[in-house]
Amino acid sequence: MILSLVHNWIGDTGHLFVIVSFVTALASSWAYYNAYKKSNTIEASGALKYARILFAIHGLAVLGIVATLFSIIYNNYFEYHYAWSHSSRHLPVHYMISSFWEGQEGSFLLWIFWHVVTAVFIMGKGGEWEAPVMTVFSIVQAFLTSMVLGVVLPGIELKLGSSPFMLLRDVLDDPTFISNPDFVPEDGRGLNPLLQNIWMVIHPPTLFFGFALTLVPFSFMISGLWTRKYREWVKPALPWTLLAAGVLGVGILMGAYWAYETLNFGGYWNWDPVENAVYIPWLFLVASYHVMIVFRRSKSGLMASMIMVLSMYTLILYSTFLTRSGVLGESSVHSFTDLGLSGQLLIYLLFFFIGGVVLLIYHGGKIPSSQKDIETYSGEFWVFIGALILILMGIQVLLPTSIPVYNKIVEFFGGISTAAAPSDPAEYSKYQIWFAILLTITSGIAQYFWWKNIKKGKALASFVPSIILTMVIVLIILQIGFTYSDFRLIIMLIAGVFSLLANGHVLIELLRKKPVLSGGAVTHIGVAFMVVGILYSTGFSNVVSENTSGLVINKNMTTQENRENLVLWFDETSKMAEYDLNYLGRHVKLDENGEYVRISDVLPTDDPYKVVASRDIFNDENELIASKADTFSLNPENTYYKIRHVRGDEIIDMYPRVQDNPDMGKVVSPDLLHTFTRDFYTYATVIPPSDDELKWVAGDTMVISVGEEFFINDYVTTLKEVVKLDAEELEFRGLDKNDLALKAEFEITSQSMTHYVEPLIVIRNDMGASLEDELIELGIKVQFLGVDPQTEKFKFIPYTTQKDFVVIKSIEKPWINLLWLGTIILAVGFGISTYRRFKESAKKAA
């Protein structure tokens, strides 16, 4: 603990920026409203200029908030509750960035920031739509900035928002601050270990950028109703809808990959309520786009487009309410804690939902509708079917995910409800798999009807080649592939192959005629690859860490768990699938060169984030990676368990990790062995005891001479030499230069490695002390007692304990690369379509 001055000025500056941003958001909404009202008058230009100035001030204030808060985090001003709660002195800069949006306030700021960025483009390219659209934008900004106001309205004691600039002493009820109000903690609590991952640096910004983009089609739709331009709003809103769907989709998939390589539930999607809360509005967003393009082509479905856009944005706000109000409680590992904003969030949700519904009802009778029926043999019909499937997929997830909300409603009316959302992912998957099958098939059919002029009565004939080829390919796969015990997987495979062929056929024709139109086909091919990748990686996921020893690993494990986990003893070979495994001990990762080194090869220092090499350290290629006495930085929370996989000449090392955070406990993360056809997903299921938890047993005193061999803990051990430490070695070991120290060097051989243990005897001021040395991998510790005067041999006491081990679970995931390939193709398809729609919009606007 240290004393330091409290940097009040920076927090006050941040508060000022928040207040300015809130006031200017309100003012600019009124100014833009006024600018629209005067749009056909001589005052139009001046009113619009005034509104732009106000919003520009708002944008600058938002940038000021972001810069101020990040400065507090970057400069370790732990007198501020936000910095203390989410950061620490030892975080690298990229994780400091992550800590910015780890808390509710920071994530709101991220969302607000992206609204400002998006608004710049609306102001520049919005034309006649700028004033009404920016009116909606500004109102939303006012709501969002109110979430970080952190003020209590006098008289009614109503709290508005939670400020990220609160001082620690104003938040914590700690007596320390009574005796010393200027007390500043030496360090912060740090970033959640799960979030210390590169994907968490880019996933939240992408996700919130997608959230921000969804405001654009909603604002255009509201503006269309308000200005009675019922049809015209669709054209400029269309490319933004597509961009939002692409960005949000990529953000969701980034989160899935983060979960895959960081969490240990064995997959990439667990139907967690927070995952669902983002998935549902994305489905409605994609459905909205498809209904809108039907309207653009056939003039049918205008009201449906409006309802879909309103539903989509309402679900965005609903997901915000779910994840930030605390209503999910303990049902999700991702949700934020309640900051007392649930009422404010509910008002935010209801304001836009009820406002949108009222506008739709008020204008409902004036909204044009097409009297022309959509034929079954048209692309529009099948696109509608696809949108309907997307909506049903969303509703199926929405209903059980909302169970905690139902409970709150019942409680509000005095009742009691203890219903719980399904915790078993299979409860969602058993329905979603059928929707996915229908959607995949429909995407292939819709592309045919959309781009080909298929006449009634010839539809089946048009599909015959694709159907026959699909069945041939599926039969070949069944013959050479996996054994299908679940008929749903066969249907899923048929759907995926059919969609690939149908969309591939359309894609080839479009590439010949007009490549810019190929975005939809490319996107749907990406979806088909994802479906096949999910089919194989999930349907044929296989536990390969089979325990064939017949021994019970842990009594607390179930029979199945004991059967599916493998004990690996240090430097002993075990068999797993076609690999020979060898556990090579606990390692740390050096920041300077990214190399993994054994814990026994480094010595701790007074700074827990720094270690010193105890000897020259070489990597597996026999290259020197650290010289003796070199100092390195590392994260002391991380321990990596090196597991060598050997198959013939192939050698691959995996490093599953355990992160031990003093405040947040132990977190296990897997390591992945990627091959072209499959992944091996390995994580530790039983963590060996730490050094402090080991129980050592002393052996009999040994009297031996140099060169003599003996056994300790069943390992052949040799006393190589006993030497007097020179001045350099004394300094390295932190001893006084006047000390007399003798070092005994023991060489110990395990299956594939040679180890050294070096106990000391130190004499200082005629007083002797024995410094033990240990090798926890082999369960060996040696104490040097001195020289036996009668035999002139050396006396030692050996200590033993259980040698090191780790219990792992390893899952084989075949063809998971098809899933990731599909996500890349999906993103490319969205990119092509978005480019096309923006280009069309700009051309027509010009």
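The values are calculated or read from the model by the stated rules, or taken from the named source; none is laboratory data. Computed from a predicted model, the values in this text were never measured in an experiment. Note that each Cβ is placed from the backbone with ideal geometry, even for glycine, and that neighbours are counted across all protein chains shown. These area figures cover heavy atoms from the full protein model, side chains too; ligands, DNA and RNA do not enter into them. Shrake-Rupley method; radii C 1.70, N 1.55, O 1.52, S 1.80 Å.
Numbers at a glance
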item	result
Some residue of the stretch 636-646 being assigned to a loop (DSSP other than H, G, I, E, B), under 15 Å from VAL588 (Cα atoms) and of a type in the set (D, E, K, R)	yes
In the stretch 764-793, residue least open to solvent (accessible area, probe 1.4 Å) [restricted to those that are in contact (Cβ under 8 Å) with a residue 12 or more places away in the chain, farther than 17 Å from ILE704 by Cβ and assigned to a strand (DSSP E or B)]	LEU775
Residue check for LEU507: open to solvent by 20 Å² or more (accessible area, probe 1.4 Å), within 30 Å of TYR835 (Cβ to Cβ) and among the hydrophobic types (A, V, I, L, M, F, W, C)	yes
Residue list for the stretch 557-585, filter: more than 20 Å from GLY266 (Cα to Cα) and open to solvent by 70 Å² or more (accessible area, probe 1.4 Å)	TRP569, THR573, LYS575
LEU207 among the hydrophobic types (A, V, I, L, M, F, W, C), in contact (Cβ under 8 Å) with a residue 40 or more places away in the chain, open to solvent by 30 Å² or more (accessible area, probe 1.4 Å) and closer than 30 Å to ASN638 by Cβ	no
Test: residue in the stretch 803-815 that is farther than 30 Å from GLY520 by Cα, part of a strand (DSSP E or B), more than 47 Å from the chain's Cα centre (by Cα) and touching a residue at least 12 places away in the same chain (Cβ under 8 Å)	no
Residue within the stretch 425-446 that is more than 21 Å from LEU510 (Cβ to Cβ), outside any helix (DSSP H, G or I), open to solvent by 60 Å² or more (accessible area, probe 1.4 Å) and among the acidic types (Asp, Glu) present	no
Residues that are at pLDDT below 90, outside any loop (DSSP other than H, G, I, E, B) and among the polar types (S, T, N, Q), drawn from the stretch 686-717	none
Any hit, the stretch 369-390, residues being closer than 30 Å to VAL152 by Cα and of a type outside the set (Asp, Glu)	no
Residue in the stretch 451-472 that is open to solvent by 20 Å² or more (accessible area, probe 1.4 Å), under 25 Å from MET306 (Cα atoms) and either basic (Lys, Arg) or over 27 Å from the mean Cα position of the chain (by Cα) (or both) present	no
Subset of the stretch 24-58 [β-branched (Val, Ile, Thr) and open to solvent by 80 Å² or more (accessible area, probe 1.4 Å)]	ILE42, ILE53
Test: residue in the stretch 72-88 that is farther than 30 Å from GLY190 by Cβ and either open to solvent by less than 20 Å² (accessible area, probe 1.4 Å) or part of a loop (DSSP other than H, G, I, E, B) (or both)	no
Among the residues listed as PHE265, PHE284, the single one being under 19 Å from THR401 (Cβ atoms), in a helix (DSSP H, G or I) and open to solvent by 10 Å² or more (accessible area, probe 1.4 Å)	PHE284
For GLN447: the one exception among (1) of a type outside the set (Phe, Trp, Tyr); (2) under 30 Å from THR376 (Cα atoms); (3) touching a Pro at 6+ places or on another chain (Cβ under 9 Å)	(3)
Which listed residue is open to solvent by less than 30 Å² (accessible area, probe 1.4 Å), in contact (Cβ under 8 Å) with a residue 24 or more places away in the chain and not acidic (Asp, Glu), from VAL588, VAL646, VAL611	VAL588
Cross-chain or 6+ apart pairs with Cβ under 6 Å, the stretch 509-525 first and farther than 18 Å from GLY444 by Cα and in contact (Cβ under 8 Å) with a residue 12 or more places away in the chain, then open to solvent by 40 Å² or more (accessible area, probe 1.4 Å) and part of a helix (DSSP H, G or I)	VAL516/ARG836
Subset of the stretch 649-690 [among the hydrophobic types (A, V, I, L, M, F, W, C) and either open to solvent by 40 Å² or more (accessible area, probe 1.4 Å) or under 16 Å from ASP580 (Cα atoms) (or both)]	ILE651, ILE652, MET654, MET664, LEU673, PHE676, PHE680, ILE687
Residue match in the stretch 287-310 (condition: at pLDDT 90 or above, within 25 Å of LEU109 (Cβ to Cβ) and not aromatic (Phe, Trp, Tyr))	no
Unique residue being of a type outside the set (Gly, Ala, Ser) and modelled with pLDDT of 95 or more when the list is TYR579, TYR641, TYR609	TYR641
Residue check for MET254: under 30 Å from PHE381 (Cβ atoms) and either open to solvent by less than 40 Å² (accessible area, probe 1.4 Å) or not in a helix (DSSP H, G or I) (or both)	no
Condition broken by GLU102, with the remaining ones in (1) in a helix (DSSP H, G or I); (2) in contact with a helix residue (DSSP H, G or I) (Cβ under 8 Å, 6 or more places away or on another chain); (3) surrounded by fewer than 24 Cβ atoms within 10 Å (Cβ to Cβ) satisfied	(1)
Any hit, the stretch 232-250, residues being surrounded by fewer than 20 Cβ atoms within 10 Å (Cβ to Cβ), among the basic types (Lys, Arg), in contact (Cβ under 8 Å) with a residue 12 or more places away in the chain and not in a helix (DSSP H, G or I)	no
Scope the stretch 747-763; condition in a strand (DSSP E or B) and over 41 Å from the mean Cα position of the chain (by Cα); matching residues	GLU747, ILE748, THR749, TYR756, VAL757, LEU760, ILE761, VAL762, ILE763
Counted residues, the stretch 652-675 - those being in a loop (DSSP other than H, G, I, E, B), at pLDDT below 90 and either of a type in the set (Ser, Thr, Tyr) or in contact with a helix residue (DSSP H, G or I) (Cβ under 7 Å, 6 or more places away or on another chain) (or both)	2
Count of residues meeting criterion [crowded, with 16+ Cβ neighbours inside 10 Å and among the basic types (Lys, Arg)] in the stretch 727-763	2
Subset of the stretch 346-378 [within 15 Å of PHE218 (Cα to Cα) and aromatic (Phe, Trp, Tyr)]	TYR348, PHE351, PHE352, PHE353
Lone unmet requirement of (1) in a loop (DSSP other than H, G, I, E, B); (2) open to solvent by 40 Å² or more (accessible area, probe 1.4 Å) for SER417	(2)
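Per-residue answers, yes or no, for (1) buried (at least 23 other Cβ atoms within 10 Å of the Cβ); (2) modelled with pLDDT under 90; (3) not basic (Lys, Arg):
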| position | (1), (2), (3) |
| --- | --- |
| LEU167 | no, no, yes |
| ARG189 | no, yes, no |
| SER219 | yes, no, yes |
| THR227 | no, no, yes |
